[in-house]
Each structure stands twice: as C-alpha cells, then as structure tokens.
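The structure appears right after this line, and notes come after that.
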Amino acid sequence: MRLTIQRKLMLMCLLVGLLPAIAVAFFALQAGKEIPRKTADGYASVAAEIGEKIDRNLFERYGDVQAFGYNTCLQNRDDWYKRDAETDIVRVMNEYVKSYGIYRLTMLVDPNGKLIAVNTVDAQGQPIDTKFLYDQSFAKADWFRDAVDGKFYDSKDGGVTGTVVENVYIDDNLRRVFNGEGLALGFSAPVHDKDGTLLGVWKNVADFGLVEKIVADTYQSLKKQGLQSAEITLLNSDGTVLVDYDPTTRGTDEVRRDMNVIGKLNLVDAGVEAAKLAASGEPGSLAETFHKRKQIDQTAGVSPLDGALGFRGMPWSVMVRVAAVEALSAYYTLTMAIYITLAISAIAIIVVAFFMARSIGK
C-alpha cells in the first residue's frame with residue numbers, strides 16, 4: 001500500500017515539476033528558431049550593401065567618361081593620330097589615368113573607328129606601350145557602334161543616360177599592355193564639338209579590381225565580427241561567377257583570380273541553392289544550406305544589384321555565405337543551454353520527487 005502511494009505521489013510531483021519545465025523549454029526553443037532566420041536576413045542585408053557600393057562606384061565611372069569628353073583640347077585636330085608625340089590630348093589622358101588610379105586604358109576614337117589618342121602611362125606614371133592600338137580599327141566594336149547609335153545603358157526612367165557600359169569582360173588589349181588577366185569594365189560615350197557634330201567616342205577601360213576591392217573590404221568588416229569563414233561571391237544574372245572571394249580556401253585575404261572559375265563556373269548549373277535564389281533576381285536568405293565542396297552547412301544571404309543615384313545597376317547578384325557553425329554559434333549555444341538546463345531540472349525534479357514521495361508515503 002505504501003509503495004503504491006509513493007509511486008502516485010512521485011508521479012504527481014514529476015508532472016507538476018516537469019511539465020512547466022518542458023513547456024518553458026519548448027517555447028524558448030521556438031523563439032530561438034528566429035535567430036537563424038534573422039542571421040541569414042542580416043547576410044542578405046550585407047549583400048545588398050555590397051551591391052549598393054558597387055553601383056555607387058560605377059555610377060561615378062558612368063559620368064567620368066562623359067566629363068572627360070568635354071575637355072577643349074580634343075577640339076584641336078592637329079593633335080590627332082600622333083602616336084609618337086605627347087600631345088595635349090595624351091597629356092590630359094595620362095593625368096586622368098594617374099589621378100583616378102582605376103583606368104588602365106583611356107582612348108579617343110574618331111567617327112570612323114580610328115584611334116585619335118591613347119594614354120602612354122599607367123596609374124603609377126610608368127610608361128606603357130600603347131602604340132599598337134593606332135593600327136587597329138574599332139569601327140565594328142560593339143561599344144563603338146552603340147555609342148555612335150545612342151544605345152546607352154540608360155536608367156529605367158531615362159534620367160541617367162549617355163554612356164555605354166560593358167559588362168565585365170576580358171580585354172585583349174589590356175592583356176597585351178599589362179600582361180595580366182585583362183578583366184575589365186568598359187565605359188564609352190560620344191564626344192561632340194561645340195556645334196553638336198560627332199567628333200568621336202571616348203572609352204575608359206576600368207580595372208575590374210575596383211569591384212573586387214569593395215568585396216574584399218566588406219570581408220574585413222565581417223572578419224572583425226568574428227566571421228572569418230565568410231565567403232563573398234559576385235554572380236552574373238545567369239549564375240556565372242564573376243568574383244570568387246574565399247580567404248579560408250585561398251589561405252590569404254588578397255584577391256586571387258582563378259580564371260578557370262571566373263566567367264566559366266555557373267553555380268546555378270552546379271546546383272547551389274543560394275545561387276538559384278540569387279538568379280531569381282530577388283533578395284533572399286537561407287538559414288542553413290549545404291556546401292557540397294566544403295561538406296559543411298552554411299548560412300547564406302543574397303541580393304541583386306538594384307542601382308544607386310539613378311544608375312540602373314549592373315545585372316549582378318551578391319551572395320554572402322558563412323559557415324553555420326560560426327554564423328549560428330549563438331543559436332547553437334542557446335539551444336544547448338536549454339537542453340542542458342532541462343536535463344538538470346529533470347534530474348533535480350526526479351530526485352526531489354522521489355524523496356518527497358517516500359517521506360510522505362512513510
């Protein structure tokens with residue numbers, strides 16, 4: 001009889017003690033589930049910030065090429081086509097290249113596609129050999145034809161216009177002059193005289209490094225927050241990789257270009273969920289997504305470039321991914337703490353219930 005009473009009392013104590021503890025743990029875990037989602041949304045915001053910085057920078061490049069064409073020295077036709085002389089036009093071009101530091105080549109082409117002038121020094125003021133460009137015809141180049149025909153990269157409302165923008169590409173002339181990969185962005189605009197007659201087309205070839213630097217600077221900010229596993233990827237509209245910045249894999253914070261990946265690897269085709277989300281053209285996030293190559297879970301946020309200051313924005317998307325073990329460390333710690341607390345509470349309640357039931361039973 002005594003044993004039956006003890007069991008009943010113990011069961012009642014367990015129900016009274018454990019049920020509230022389980023309920024509290026349940027609601028705490030439910031509330032904690034918001035942490036992964038909000039963390040992932042935060043990475044989407046970081047991706048959007050990167051996109052805005054890129055578009056703001058390219059908006060300035062959009063205007064530069066038009067501003068350069070207003071220089072009055074271009075009107076002096078006596079300085080045209082002189083490959084062996086440092087004319088006023090060439091001196092101005094060299095100053096632009098040194099002052100801005102991001103333009104590798106800047107050139108003026110006449111209405112027939114023949115080179116009028118081109119810079120002869122790099123951003124550090126060191127001489128470069130660009131004379132061979134005078135032997136080329138640019139008449140059939142897409143950027144030249146688009147500039148002449150007025151096919152500009154306009155804003156949606158038409159408020160920002162006048163410049164032809166080339167998506168990232170490999171510039172063969174850049175490769176020949178600088179012996180590099182030749183990754184570039186092109187900005188071209190028509191130049192007119194005071195009467196409105198077309199004088200030619202000015203083209204600035206910008207080093208794609210200006211975009212990569214924005215990505216690398218953002219990583220340093222994430223790294224200071226303890227997110228060293230962060231990797232930032234810039235994708236073309238179809239999911240092709242344009243920037244693959246992953247210091248944990250490269251072993252360095254410096255930008256390293258793998259030309260077997262850049263412009264060739266399509267992450268949508270590779271089945272990367274975050275890339276598929278990015279290709280949709282809408283911002284989004286994934287609390288946990290599996291990285292096949294690294295064999296780890298990651299938290300990801302993506303955002304398309306949406307333009308800035310009236311600039312239309314490039315057809316790119318930014319993808320920010322962080323190892324889940326690092327990104328969700330607070331969530332995992334909270335979850336573990338809840339389970340440990342529940343386990344300790346359960347043991348304590350069982351012990352107390354046992355002795356109380358035995359005491360009352362006696």
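The values are calculated or read from the model by the stated rules, or taken from the named source; none is laboratory data. All figures in this text were calculated on a predicted structure; none of them were measured in a lab. Reconstructed Cβ throughout: ideal geometry from the backbone, glycine too, with neighbour counts over all protein chains shown. Note: areas computed on protein heavy atoms with side chains; ligands, DNA, RNA excluded. Shrake-Rupley method; radii C 1.70, N 1.55, O 1.52, S 1.80 Å.
Is it the case that residue 237 is among the polar types (S, T, N, Q) and open to solvent by 40 Å² or more (accessible area, probe 1.4 Å)? The answer is yes for residue 237. Taking the criterion of being surrounded by fewer than 18 Cβ atoms within 10 Å (Cβ to Cβ), touching a strand residue (DSSP E or B) at 6+ places or on another chain (Cβ under 7 Å) and of a type in the set (A, V, I, L, M, F, W, C), would at least one residue in the stretch 76-83 satisfy it? Within the stretch 76-83, one or more residues are surrounded by fewer than 18 Cβ atoms within 10 Å (Cβ to Cβ), touching a strand residue (DSSP E or B) at 6+ places or on another chain (Cβ under 7 Å) and of a type in the set (A, V, I, L, M, F, W, C). Only one of the numbered conditions (1) without any contact (Cβ under 8 Å) to a residue 60 or more places away in the chain; (2) within 30 Å of residue 158 (Cα to Cα); (3) not aliphatic (A, V, I, L, M) is violated by residue 88, and that is (2). For residue 84, the conditions (1) acidic (Asp, Glu); (2) outside any helix (DSSP H, G or I); (3) within 30 Å of residue 308 (Cβ to Cβ) are fulfilled apart from (3). Identify, please: which residue in the stretch 241-275 is of a type in the set (Gly, Ala, Ser) and closer than 15 Å to residue 292 by Cα and is, among those, surrounded by the most Cβ atoms within 10 Å (Cβ to Cβ)? Ranking the qualifying residues of the stretch 241-275, first place goes to 274. Whether a residue is among the polar types (S, T, N, Q) and in contact (Cβ under 8 Å) with a residue 24 or more places away in the chain was assessed, and residue 220 passes this test. Every residue in the stretch 174-192 that is within 20 Å of residue 152 (Cβ to Cβ) and more than 25 Å from the chain's Cα centre (by Cα), please. Residues satisfying the conditions are 189, 190, 191, 192. The single condition from (1) on the phi > 0 side of the Ramachandran plot; (2) touching a Phe, Trp or Tyr at 6+ places or on another chain (Cβ under 8 Å) that residue 116 fails is (1).
A Cβ distance below 8 Å, combined with a sequence gap of six or more or placement on separate chains, defines the contacts here; from the stretch 102-119, residues that are touching a residue at least 60 places away in the same chain (Cβ under 8 Å) and outside any strand (DSSP E or B) reach residues that are surrounded by fewer than 22 Cβ atoms within 10 Å (Cβ to Cβ) and not β-branched (Val, Ile, Thr) in the pairs 102/61; 102/123; 102/209; 102/210; 110/80; 110/199; 111/198; 111/199.
Being aliphatic (A, V, I, L, M) and closer than 30 Å to residue 302 by Cβ holds for only one residue in 128, 102, and it is 102. Within the stretch 120-136, the only residue that satisfies the criterion of being under 24 Å from residue 197 (Cα atoms) and free of Cβ contacts under 8 Å to residues at least 40 places away in the same chain is 136. What number of residues within the stretch 296-352 are at pLDDT 70 or above, crowded, with 18+ Cβ neighbours inside 10 Å and assigned to a loop (DSSP other than H, G, I, E, B)? The total comes to 5. Does residue 139 satisfy the condition of being under 12 Å from residue 203 (Cα atoms) and free of Cβ contacts under 8 Å to residues at least 60 places away in the same chain? Taking the combined requirement at face value, the residue does not satisfy it. The set of residues in the stretch 69-100 being touching a Leu at 6+ places or on another chain (Cβ under 9 Å) and under 23 Å from residue 178 (Cα atoms) consists of 81, 83, 89, 92, 93, 97. Taken over the stretch 247-281, the criterion of being of a type in the set (A, V, I, L, M), within 23 Å of residue 44 (Cα to Cα), in a loop (DSSP other than H, G, I, E, B) and without any contact (Cβ under 8 Å) to a residue 60 or more places away in the chain is satisfied by 255, 265, 267, 268, 270, 272. Filter the stretch 145-173 down to residues that are over 18 Å from residue 114 (Cα atoms) and of a type in the set (A, V, I, L, M, F, W, C) and give me whichever is nearest to the chain's Cα centre (by Cα). Among those residues, the one meeting the criterion is 168. When residue 92 is tested against the conditions (1) farther than 27 Å from residue 160 by Cα; (2) open to solvent by less than 60 Å² (accessible area, probe 1.4 Å); (3) in contact with a Cys (Cβ under 9 Å, 6 or more places away or on another chain), the lone failure is (1).
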